[in-house]
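Every number here is computed from the coordinates shown, using simple stated rules; none is lab data. Quick caveat: nothing in here was measured; it's all calculated off a predicted structure. Glycine also receives a Cβ, built like all others from the backbone with ideal geometry; neighbour counts cover every protein chain displayed.
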């Protein structure tokens, strides 16, 4: 299971990096979304993998680590806010610069 | 807290005076003087104590855990400097009223002067090294503002920049030195540091500490080779030159030498460095001063020379030399401030400062001439004037200190030569300006200045004479306590008398006086020689080359790093992360795989992982077809949700699911305004480069995740598990952490969310896009925008969804759920209404301008946090109890629930603010397109 999660994180990171380096705003936004999945998953893994034992009091002696979960929970919401900001910025840039190139150059 | 108030008063007075100056100049002067007098009045009790030899120490705890407190200290040395700062400050305030032409803003000058006064008082009254440094930098800033007072003049701006660069750079060195000193001594409190002299001097880091602190002191006090900024600082108005650049601010450096004298002095390093710099400065300043044709420049170099003299005295390091140093600080402040003011009068009356043109003023202003002569005599060290006394003590110390050394005889010789030049330039100042023929082509016809402009000079000149003739009755009390504070011991026996009998010092004084007059008489060949060499050794040129070079290099570096291309910046960022990550791992012997037992793989997980990898790669490969890529990214998000479900994180799964829906809707909306496809424009090489970076980054992330996952962990998570129920009153530990244990974090995070939402709102305010009437293939948009079935079902769903949200919210403290999830569910339910029924329909029935709600949510969170203060608990402490409600059963009511409600409100309103505004833009664009 650990190998699968590690592989997933790696794939998400790699593809996120590739898309982040594209020339147009939309793929860059997608790339950032993938990168935030990867980051959230990685943060989550610092609590190690535990199956079927959520961090609830009374759910057994050994449960998943609650702290990374709490951190990731807010991180998910913040990544949404960031993605939203980036994409709206891209929209405004498209209209103002008449191009969706990340450097505002080239054809629309 | 009288000392704190005294330091703050001038700062508070500055804006008041600037305001008063709008009404009348005289009022501003009264205001500034009142501020200084009030400060003096507040200080008086401490000053009275200081004269008995007592040290007033006042502390105000600031961050006790870090050992930081506001700490003030007034002892003899602080007393002396406070008296100089306030006394000369008052005279300068009076003088400036008459000096400054009516067209210049007097309010600005006074405000800056008061800023300086407060900063300088802060320096001399600080009881803590760090605090001293802060005020030290403030004096540099005030000096910058004052030098650049006539900001329309290029020379003023350049001089200000240079002064700031040199003293500011020295301030950085001083910061490093003080940090070292504080670490060695074990405290930054002066009262502790001053008693750790032996420890500091024996420490292996003594030399670097000393050098760094001396760099700070020497740059501030214009010691060679950092002296060059001071003459350029003379571009400031003359009251400023008199106040900052001769009497007080440049004394901050020697103040520091005196302050740290018990800690740092007494080693060969101290003696050589400090005495050496002092002597070179003393001699060089005196020689250059003689050749300056600008009389303000002459006084500037003379100031440098006298600062060198004081530095050399502290460098010699004997108790008697330190007494002489303190004495000369007083004397120099008095006569040099007077001289600058007299020079300012001449400048004011003649319109030029060139001594080749300003001649023979005795006929026009004999009274001013007499004042200037007295002050000059003090500067030259003529008997009966105050400068003579400290200078003779200096000569005596030079003889004593030189006595034990191999080339010790050089010391008295150098000192006598410097004294000789001092006499020569003093004679030149008086003879050239007031005698020596007729004025040449002056812009104005000079006459005596207004009565009150002369008063400050008169006060200072009278002081010169009083101290010079009756030293024991006038200056001895303050000198004794100041010297005691410098030495941190009773001062040695010293005799402030005019006549000490026939001694080497007397002989040196006679040589200097006679030689100086002779030297001035023979000046013509020397001036010719100087003219041939002038400008060849100008430190300013070197400084400007250095400055231009640094600027060029910085520009080159910026041009290379910041190309304005996001792709390039992004690639550099990725490369930097990869390099740092690899650098951290390579070369360590730790194995990649840890010892933790692994979980088994089941078929479903394998399949899900395969879908995730496949969808991610698919989205990457097909990224130019934007809709397809977006759908694939949505699939990836859903697999992540499943992963959270499997891996015991139900809260995360719920949150991620809701966020996923919102994100995809948002991106779909955005896609409407963007081209449906990306052009193929990256070159093949660029693609391979990016693929290489992606591969490196991806493998790095995999390896890192693998290394983390296979290692055992010792987490602090169990603490939260144990304390969640007793401490937070909830069984869902994740939620308890969010709203209780780490509620401050959550508060910050919902603030970020709110700021992002407001930012988007602001961006969309001006966003008026043109929508094409159809898609890229030319098909028109469907006329049935809101299908009836969808619309009807959406309306039916709304109450159910809201009920679910309430349920998820209420159970959140004990079971998966809580404010974040509930907020997202409500947001999704409302967004569905907007989507299914159209913005205008929803707009009429639902809140779409949610900024007030956003603010209300944040305020509620803040209020919940602050409420715990009412019970004397730290911010965001929660209280909890369990209440039985009929039908619902037992419900935990924690005050944290209010906080959770606030989180919920912020999440709903932020999400709606973002999406509904984008949707409304969308609708407006579509209506336009349909028309």
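Take residue B:527 and residue B:462, extend 7 Å from each Cα along the Cα→Cβ direction, and tell me the distance between the two endpoints in nm.
Inter-label distance under the simple model: 3.7 nm.
What distance in nm lies between label points placed 7 Å from Cα along the C-beta direction at residue B:472 and residue B:52?
2.6
Compute the long axis of helix B:129-147 from its Cα atoms, compare it with the longest principal axis of the Cα atoms of chain B, and write down the angle in degrees, 0 to 90, nearest 10.
70
Over the whole of B:616-626, what's the average partner chain Cβ count within 10 Å per residue? Rounded to a whole number, please. Write out the running numbers ahead of the final one.
On the way: counts 11, 4, 1, 7, 12, 2, 0, 10, 4, 0, 5.
Other-chain Cβ atoms within 10 Å of each residue's Cβ, averaged: 5.
Averaged over peptide B:710-723, how many Cβ atoms belonging to another chain are found within 10 Å of each residue's Cβ?
Values: counts 4, 1, 1, 4, 0, 7, 2, 11, 6, 2, 6, 11, 1, 1.
The shielding value for this peptide is 4.
Ratio to report: Rg/Rh of segment B:578-728, with Cα atoms as the point set and Rh obtained by the Kirkwood method; give two decimals. Working shown, then result.
Working: Rg = 19.8 Å, Rh = 19.0 Å.
So for segment B:578-728, dividing Rg by the Kirkwood Rh gives 1.04.
Could you give the spread of the C-alpha atoms of segment B:377-419 along their three principal axes, from largest to smallest, in whole angstroms?
Principal extents (largest minus smallest coordinate, Cα): 34, 16, 9 Å.
Length gain on complete extension for the stretch residue B:596 to residue B:617, per 0.36 nm per residue less the alpha carbon to alpha carbon distance?
On the way: separation 21, 0.36 × 21 = 7.56 nm, distance 3.01 nm.
Extra length available between residue B:596 and residue B:617 comes to 4.5 nm.
Rg to Rh ratio, chain A, alpha-carbon atoms and Kirkwood radius? Before the final figure, lay out each step's value.
Numbers: Rg = 18.1 Å, Rh = 15.8 Å.
Reported Rg/Rh, Kirkwood definition of Rh: 1.15.
If you wrap a convex hull around the C-alpha atoms of segment B:664-779 and split its volume per residue, what is the figure in Å³? Write down the numbers at each step before the final one.
Details: hull volume 24.9 nm³, N = 116.
Spread over its residues, the Cα hull of segment B:664-779 gives 215 Å³ apiece.
State, as an integer percentage, the relative contact order of segment B:292-553 based on alpha-carbon contacts under 8 Å between residues 6 or more apart. The partial results should precede the final answer.
Values: 324 pairs, mean separation 70.9, N = 262.
In percent, rounded to a whole number, it is 27.
Using the alpha-carbon centroid of each, what span in Å lies between segment B:765-837 and segment B:212-260?
Between the Cα centre of segment B:765-837 and that of segment B:212-260, the gap is 69 Å.
At 222 nm, what helix-only mean residue ellipticity would chain B give, in deg cm²/dmol to the nearest 500, using -39500 (n - 2.57) for each DSSP H run of four or more?
When only DSSP H runs of four or more count, the value is -23500 deg cm²/dmol.
Taking the highest mean first, how do the peptides B:582-593, B:664-675 order by number of other beta carbon atoms within 10 angstrom per residue? Write down the numbers at each step before the final one.
On the way: B:582-593: 9.1, B:664-675: 19.7.
Packing order, densest peptide first, comes out as B:664-675, B:582-593.
I need the calculated FRET efficiency for the pair residue B:440 and residue B:179, taking r as the beta carbon distance and R₀ as 51 Å, to the nearest 0.05. List each step's numbers first, then the result.
Working: r = 55 Å, r/R0 = 1.08.
So the FRET efficiency works out to roughly 0.40.
Compute the length gained on full extension between residue B:499 and residue B:27: take 0.36 nm times their separation in residues and subtract their Cα-Cα distance, giving the result in nm to one decimal. Walk me through the numbers before you get to the answer.
Numbers: separation 472, 0.36 × 472 = 169.92 nm, distance 4.76 nm.
Length gained between residue B:499 and residue B:27: 165.2 nm.
Which values of log₁₀ I(q)/I(0), to two decimal places, follow from the Debye formula for the protein assembly as shown at q = 0.04, 0.10 Å⁻¹ with a uniform point scatterer at every Cα?
-0.33, -1.08
Using a 10 Å cut-off around each Cβ of peptide A:40-48, what is the average number of partner chain Cβ atoms that fall inside?
Average neighbour count from other chains, rounded to a whole number: 6.
What is the spread of the Cα atoms of chain B along each of their three principal axes, largest first, in whole Å?
Dimensions of chain B along the principal axes of its Cα atoms: 114, 63, 58 Å.
Order of B:706, B:136, B:781 from fewest to most other C-beta atoms within 10 Å? Don't jump to the answer; show the numbers that get you there.
On the way: B:706 21, B:136 28, B:781 15.
Exposure proxy ranking, most exposed first: B:781, B:706, B:136.
Measure nothing fancy, just the Cα-based angle from helix B:206-220's long axis to the longest principal axis of chain B, in degrees from 0 to 90, nearest 10.
70
Report the gain in length on full extension from residue B:695 to residue B:555: 0.36 nm times residue separation, minus Cα-Cα distance, nm rounded to one decimal. Please list the in-between numbers first.
Numbers: separation 140, 0.36 × 140 = 50.40 nm, distance 3.37 nm.
Gain on stretching residue B:695 to residue B:555: 47.0 nm.
Could you work out the equivalent-ellipsoid semi-axes for segment B:292-553, taking the square root of 5 times each eigenvalue of the Cα gyration tensor, largest first, in whole Å?
Rounded to whole Å, the semi-axes are 32, 25, 19.
If one computes the Cα centroid of segment B:411-435 and of segment B:366-388, what distance in Å separates the two points?
A separation of 13 Å, based on Cα centres.
From the square roots a ≥ b ≥ c of the eigenvalues of the alpha-carbon gyration tensor of segment B:648-731, which class results: rounded (a/c under 1.5), prolate (a/b over b/c), or oblate? Show your work: numbers first, answer last.
Working: a/c = 5.48, a/b = 1.56, b/c = 3.50.
The shape class here is oblate.
Using a 7 Å offset from the Cα along the Cα-to-Cβ direction at both residue B:37 and residue A:62, what is the distance between the two label points in nm, to one decimal?
Label-label distance for residue B:37 and residue A:62, simple model: 8.1 nm.
Rule-of-thumb check for segment B:415-531: C-alpha Rg over 2.2 N^0.38 Å? Write out the running numbers ahead of the final one.
Values: Rg = 19.7 Å, N = 117, 2.2 N^0.38 = 13.4 Å.
Relative to the rule-of-thumb radius for its length, segment B:415-531 sits at 1.47.
Mind giving me the FRET efficiency for residue B:758 and residue B:514? R0 is 60 Å, r the Cβ-Cβ distance, nearest 0.05 is fine. Walk me through the numbers before you get to the answer.
On the way: r = 80 Å, r/R0 = 1.33.
Using R0 = 60 Å, I get an efficiency of 0.15.
Taking only Cα atoms of segment B:608-671, what ratio of Rg to Rh do you get with Rh as the Kirkwood inverse-distance radius?
On the way: Rg = 12.1 Å, Rh = 12.0 Å.
Answer for segment B:608-671: 1.01.
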